[in-house]
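The values are calculated or read from the model by the stated rules, or taken from the named source; none is laboratory data. Since the model is a prediction, treat every value here as computed from it, not as a measurement. Cβ coordinates were reconstructed from backbone atoms using ideal geometry, including for glycine residues, and neighbour counts include every protein chain displayed.
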Amino acid sequence: MTLDHMNYIDKIPNNVDLGRDRVLQRALEHWQPAYIGWWYDMGPAESHNLEVYLRTAISVDAKGWAQFDYVKMPDYRWGIFLVPPTPDRQINFGVNKGRPAWQEVPGEFRSALRRLVVTQGDTEPASVEQQRMLGSSCPSLYDLRNIFQVNVEEGRHLWAMVYLLHRYFGRDGREEAESLLERRSGDADHPRILGAFNEPTPDWLAFYMFTFFTDRDGKYQLCSLAESGFDPLARTCRFMLTEEAHHMFVGETGVGRIVQRTAEVMAEEKVDDPDHVRALGVIDLQTIQRYLNFHYSVTLDLFGSDVSSNAATYYTSGLKGRYEETRLDDDHILSDATYDVMEVHGDRIVTMSVPALTALNERLRDDYILEVQSGVDRWNGAIAKSGIPFRLTLPHKGFHRAIGNFAGHSISPDGRVMPEAAWKNARSKWLPGSDDYAFVQSLMAGRVVDRGKFANWIAPPRRGINSQPVDFEYVRFN
Ligand SMILES: [Fe+2]
Ligand SMILES: [Fe+2]
C-alpha cells in the first residue's frame, strides 16, 4: 500500500495537502470538536468504549484504501480523501461540454452547487442518528460490527462534504457546515432536509431495508455527482462510492439472511400461515413485504419530482450528470431528446413523453429501480431454494408516493388508481403498522453478542469480514 500524498500526522488525515492551507486547516480543526461532540451525542448509543474491528481508509489506491483493526469509534480517523485528479478532465455534458472541468466554484452556479453539497451532506449524519439505538438489539457481533462500520463511514461522508463547504464556499460554507451538526433526524423544529431521513429506523429489518434501498439512492446520487464538471465534487464522490458499496452489501445480505431464515423455518416446520410463522420466532414474509413496500416508496421520493426544472438546470450547467454519463451514447446535451414519465389522469395511469432534460430525476429513479429489482430477485432465489411459493415484489412506482406526479393519488401496489378511502382501508395490508413493528421488536428484545451466535430470526452470513471467520470477535466489550 502506498502512503504518498497521505498526511497521517495531521489531526485530520487527508490527501488534499491540508497542511499547506493554514486557514482551511484551522477552520476544519475548529469544526472537528463540534463533530466529535455530535458523535458522542448522536452516534451509536453506548458504543464509545467498545473496540470494533473496522476498516479505515488510509489511502485511495485500489489495494490500500481499507485497513482493518480494532478501533474505539470516537478515535476513528475520519479523514478527507479524493480520488486522484484525471489530467485534463473536461466537463462531459450540458452547455459547457468540452470545456476544462472547474477546479474552483464557478460564480454563477455557486448557490446551486452549495445546495447540492448541503443536501448530500445532510443525509450522512441523518442516517447515523436514525440508527443510533440499534446496537442494543443486534443479532450478532458480525452484524454489530457492520452497523458500526456503516455509521463511521457515514460520518466520513459528512467530512467529505464539509471539506468542500469549507474549502470552496467561504463564510456561507462554514455556516452550512455548522448547520449540518445542528439539524436532527425526525426533529419537529430542526429536521433533516429530506423526508426518508426523518423516518425512524426502529429495528434491524428496517436497518437492512434502509441500507438496501436508501443507501442505494445515495449511490445513484453520488454517481451522478461523480460526473460533475466541478472536479473536487466529482473526485470526492468517486471515493465515497467505494465505501457506499459495503453499505448496500450489508443491506442486501441482511435482508437476504432474514428471508433465508424464514423460508428455511417455513420449509422445515411446513407452515405458511403468517401467525404460525411468527410463533416460530422468525419474521413472516408478508411483514417483510410490507417493510419492503415502505422503504422502497419513501426512497423513490428522494429522487425528486418526475419533471423538474432544477434537474434540467443542474444538468445543463454541468453540475450533476446522469448515471454513467460518459458511457451513454448520445449528444450529452439532450436539447431534442424526450423521456417517458407517468401521470395520473382520472382513474388511469398514462405515459407521457416530455423533454428529457426535465425528466432527469425520473430517469435516475428508473436506473435505480433496475438495480433494486435484481436484488429482490436474489432474495426470491433464497425463498425458492426452500421450495416456498411466496415471492417478494416491488410495488408499482406510484404506490405510497409523496413527491412527484403520483403525490396525492392513491395507487395500489399493483398499480391501480383507487378511491382514497379504499386505499386507506387496505393500508395495513400493504404497509407496516404498529403491530408489525411491535412483533419485529419483540423478536429483537435483547442483543446477541456471544461469538459465532446469531439471533433465531436471521441466518448466519456465508463468510466473515476481511477473510475472518464468521465467529470472529468482531466487537470487544472488555
Ligand atoms: Fe454516505
Ligand atoms: Fe451509505
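If you go through the range 223-232 one residue at a time, how many are out of contact with any strand residue (DSSP E or B) (no Cβ under 9 Å at 6 or more places or on another chain) and either of a type in the set (D, E, K, R) or away from ligand 2 (no atom under 15 Å from the Cβ) (or both)?
Residues meeting the conditions: 2.
Being in a loop (DSSP other than H, G, I, E, B) and on the phi < 0 side of the Ramachandran plot: is that true of ARG427 here?
Against the criterion (in a loop (DSSP other than H, G, I, E, B) and on the phi < 0 side of the Ramachandran plot), ARG427 does not qualify.
Just to be sure I understand the filter: pairs with C-beta atoms under 7 Å, separated by 6 or more residues or on different chains, first member in the range 379-405 and on the phi > 0 side of the Ramachandran plot and in a loop (DSSP other than H, G, I, E, B), second member surrounded by fewer than 17 Cβ atoms within 10 Å (Cβ to Cβ) and of a type outside the set (Ser, Thr, Tyr). Which pairs pass?
Hits for this filter: GLY387/ALA267.
All but one of (1) within 14 Å of ligand 2 (Cβ to nearest atom); (2) of a type in the set (S, T, N, Q); (3) under 18 Å from VAL372 (Cβ atoms) hold for GLN131; which doesn't?
Of everything listed in (1) within 14 Å of ligand 2 (Cβ to nearest atom); (2) of a type in the set (S, T, N, Q); (3) under 18 Å from VAL372 (Cβ atoms), GLN131 misses just condition (3).
Would you please list the contacts, defined by Cβ atoms under 8 Å and residues six or more apart or on different chains, that run from a residue in the range 99-110 that is touching a residue at least 24 places away in the same chain (Cβ under 8 Å) and part of a helix (DSSP H, G or I) to a residue that is surrounded by 11 or more Cβ atoms within 10 Å (Cβ to Cβ) and among the aliphatic types (A, V, I, L, M)?
What qualifies is PHE109/LEU319.
Which numbered condition trips up GLY121, out of (1) away from ligand 2 (no atom under 16 Å from the Cβ); (2) within 18 Å of GLU176 (Cβ to Cβ); (3) touching a residue at least 40 places away in the same chain (Cβ under 8 Å)?
(1)
Can we say ASP215 is on the phi < 0 side of the Ramachandran plot and away from ligand 2 (no atom under 16 Å from the Cβ)?
no
Just checking, does the range 184-206 include any residue being at pLDDT 95 or above, surrounded by 21 or more Cβ atoms within 10 Å (Cβ to Cβ), over 19 Å from MET42 (Cα atoms) and of a type outside the set (Asp, Glu)?
The answer is yes; a qualifying residue exists.
Matching residues to (1) among the small types (Gly, Ala, Ser); (2) touching a residue at least 40 places away in the same chain (Cβ under 8 Å):
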residue	(1), (2)
ILE193	no, yes
MET209	no, yes
LEU225	no, yes
PRO232	no, yes
PHE239	no, yes
GLU252	no, yes
VAL271	no, no
ALA279	yes, no
ASP284	no, no
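Among the candidates PHE68, PHE81, which residue alone is in contact with a helix residue (DSSP H, G or I) (Cβ under 7 Å, 6 or more places away or on another chain) and surrounded by 15 or more Cβ atoms within 10 Å (Cβ to Cβ)?
Among PHE68, PHE81, only PHE81 is in contact with a helix residue (DSSP H, G or I) (Cβ under 7 Å, 6 or more places away or on another chain) and surrounded by 15 or more Cβ atoms within 10 Å (Cβ to Cβ).
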